[in-house]
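*Asks:* Provided herewith is a single structure, encoded as structure tokens, for subsequent inquiry.
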Amino acid sequence: MAIGTAGYTAMLCVMALERNGVMPDGGEVVVTGAAGGVGSIATMLLAARGYSVAAVTGRMAEADYLTGLGATTIIDRAEFTQVGRPLSKERWAGAIDVAGGVVLANVLASMRYRGVVAACGLVGGMELPTTVAPFILRAVTLIGIDSVMCPKPERLIAWQRLAQELDMARLDAMTTEVQLADVIAMAPRFLEGKVRGRILVPVNPQLG
Ligand SMILES: NC(=O)c1ccc[n+]([C@@H]2O[C@H](COP(=O)([O-])OP(=O)(O)OC[C@H]3O[C@@H](n4cnc5c(N)ncnc54)[C@H](OP(=O)(O)O)[C@@H]3O)[C@@H](O)[C@H]2O)c1
């Protein structure tokens, strides 16, 4: 369960980038919300496959943690939170975005020509204040990722790949156990974006 929906979704994002031609030697891939559940596992999976990963985080204090997962560049989220120009400097070959909102708009604006973005989250907002410029001038692709209704054959591939590619020792290191009785107290930390990696709740500790 430490992998959970977050890890499975991270793998669906990686597979979507690959399906659309983003390869390890093609340039940097940016991951937003990198210290969270999806972001941490996406960073780890991409780095393990040889991608250069730029990790965007609101918690620069977690830079060492992100480097430990394999990120090569750490970027302060503040660089992505102001409404920017429709197009900015071309930086990323690929992106995995958990934020949505202005962050995703800025990611789209800084994709390289034919860059590919896998969007799976909305922690930064439901709206998407972008323009068509990245799509019609840089041929950027925006792929939506949904874990819930994903067809079974793709799910099976995702879980098989997680079993093969995820470094279980690192997954353990990024996972914190919280007792069921403490979940309510923990919940606000999620909403404040302060949880690092994954939280595991052993609901049946006597079986563990
Ligand atoms: N599409 C799907 O099927 C699917 C499946 C699973 C999850 N999701 C969605 O994916 C998102 C991430 O899930 P998660 O499990 O990784 O959550 P999480 O563990 O709470 O991580 C979210 C991370 O986003 C960053 N963040 C927080 N507030 C932000 C803001 N205002 N703007 C930009 N970044 C912010 C923080 O990382 P930093 O401190 O490093 O910035 C935080 O740790 C959620 O929106 C979730 O609903 C979607």
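*Asks:* Select from the stretch 163-182 the residues that are within 14 Å of the ligand (Cβ to nearest atom) and more than 16 Å from Gly70 (Cβ to Cβ) and list them in ascending order.
*Replies:* Thr175, Thr176, Val178
*Asks:* Next question, about the same structure. Could you list, ordered by first residue, the pairs with Cβ atoms under 6 Å in which the first is in the stretch 22-33 and modelled with pLDDT of 95 or more and the second is part of a helix (DSSP H, G or I), at least 6 apart or interchain?
*Replies:* Val29/Leu46; Val31/Gly39; Val31/Ala42; Val31/Thr43; Thr32/Val103; Gly33/Gly39
*Asks:* Which condition does Ala61 not pass, out of (1) within 13 Å of the ligand (Cβ to nearest atom); (2) small (Gly, Ala, Ser); (3) in contact with a helix residue (DSSP H, G or I) (Cβ under 7 Å, 6 or more places away or on another chain), if it passes all the others?
*Replies:* (3)
*Asks:* So which of Ala105, Ala109, Ala118 ends up being buried (at least 19 other Cβ atoms within 10 Å of the Cβ) and over 16 Å from the mean Cα position of the chain (by Cα)?
*Replies:* Just one listed residue meets the conditions, Ala109.
*Asks:* Look at the stretch 108-138 and say how many of its residues are among the aliphatic types (A, V, I, L, M), within 17 Å of Thr57 (Cα to Cα) and in contact (Cβ under 8 Å) with a residue 40 or more places away in the chain.
*Replies:* Result for the stretch 108-138: 1.
*Asks:* How many residues does the stretch 3-27 hold that are on the phi < 0 side of the Ramachandran plot, more than 12 Å from the ligand (Cβ to nearest atom) and in a loop (DSSP other than H, G, I, E, B)?
*Replies:* The number of residues fulfilling the criteria is 3.
*Asks:* Within the stretch 104-124, is even one residue more than 20 Å from Ser40 (Cα to Cα), within 15 Å of the ligand (Cβ to nearest atom) and in contact with a strand residue (DSSP E or B) (Cβ under 8 Å, 6 or more places away or on another chain)?
*Replies:* yes
*Asks:* Restricting to the stretch 139-150, name every residue that is away from the ligand (no atom under 14 Å from the Cβ) and buried (at least 18 other Cβ atoms within 10 Å of the Cβ).
*Replies:* Within the stretch 139-150, Val140, Thr141 qualify.
*Asks:* Quick check: anything in the stretch 149-160 more than 24 Å from Ile3 (Cβ to Cβ), touching a Phe, Trp or Tyr at 6+ places or on another chain (Cβ under 8 Å) and not charged (D, E, K, R)?
*Replies:* Checked the stretch 149-160: no residue is more than 24 Å from Ile3 (Cβ to Cβ), touching a Phe, Trp or Tyr at 6+ places or on another chain (Cβ under 8 Å) and not charged (D, E, K, R).
*Asks:* Follow-up. Pairs needed: first member in the stretch 44-62, over 18 Å from Arg91 (Cα atoms); second member anywhere, crowded, with 21+ Cβ neighbours inside 10 Å and hydroxyl-bearing (Ser, Thr, Tyr); C-beta distance under 9 Å; at least 6 residues apart or different chains.
*Replies:* Qualifying pairs under 9 Å: Leu45/Tyr51; Arg59/Tyr65.
*Asks:* In this structure, does Asp97 turn out to be under 23 Å from Tyr8 (Cα atoms) and among the acidic types (Asp, Glu)?
*Replies:* yes
*Asks:* Also, I was wondering about something else. Kindly provide the set of residues from the stretch 68-82 that are closer than 15 Å to Glu28 by Cα and more than 12 Å from the ligand (Cβ to nearest atom), ordered by number.
*Replies:* Hits for the stretch 68-82 are Gly70, Thr72, Thr73.
*Asks:* Can you pull out the residues in the stretch 47-81 that are among the charged types (D, E, K, R) and within 21 Å of Ala105 (Cβ to Cβ)?
*Replies:* Within the stretch 47-81, Asp76, Arg77, Glu79 meet the criteria.
*Asks:* In the stretch 28-56, which residue that is in a loop (DSSP other than H, G, I, E, B) and not aliphatic (A, V, I, L, M) is farthest from the ligand (Cβ to nearest atom)? Walk me through how you get there before you give the answer.
*Replies:* To start, the set of residues in the stretch 28-56 that are in a loop (DSSP other than H, G, I, E, B) comprises 28, 32-36, 49-52.
Then keep just the ones that are not aliphatic (A, V, I, L, M); that gives 28, 32-33, 36, 49-52.
Details: Glu28: 17, Thr32: 6, Gly33: 3, Gly36: 2, Arg49: 19, Gly50: 23, Tyr51: 18, Ser52: 18 Å.
Checking each candidate, the answer is Gly50.
The values are calculated or read from the model by the stated rules, or taken from the named source; none is laboratory data. Bear in mind the structure is a predicted one, so any value in this text is a computation, not a measurement. Positions of Cβ are backbone-derived with ideal geometry, glycine not excepted, and every protein chain shown enters the neighbour counts.
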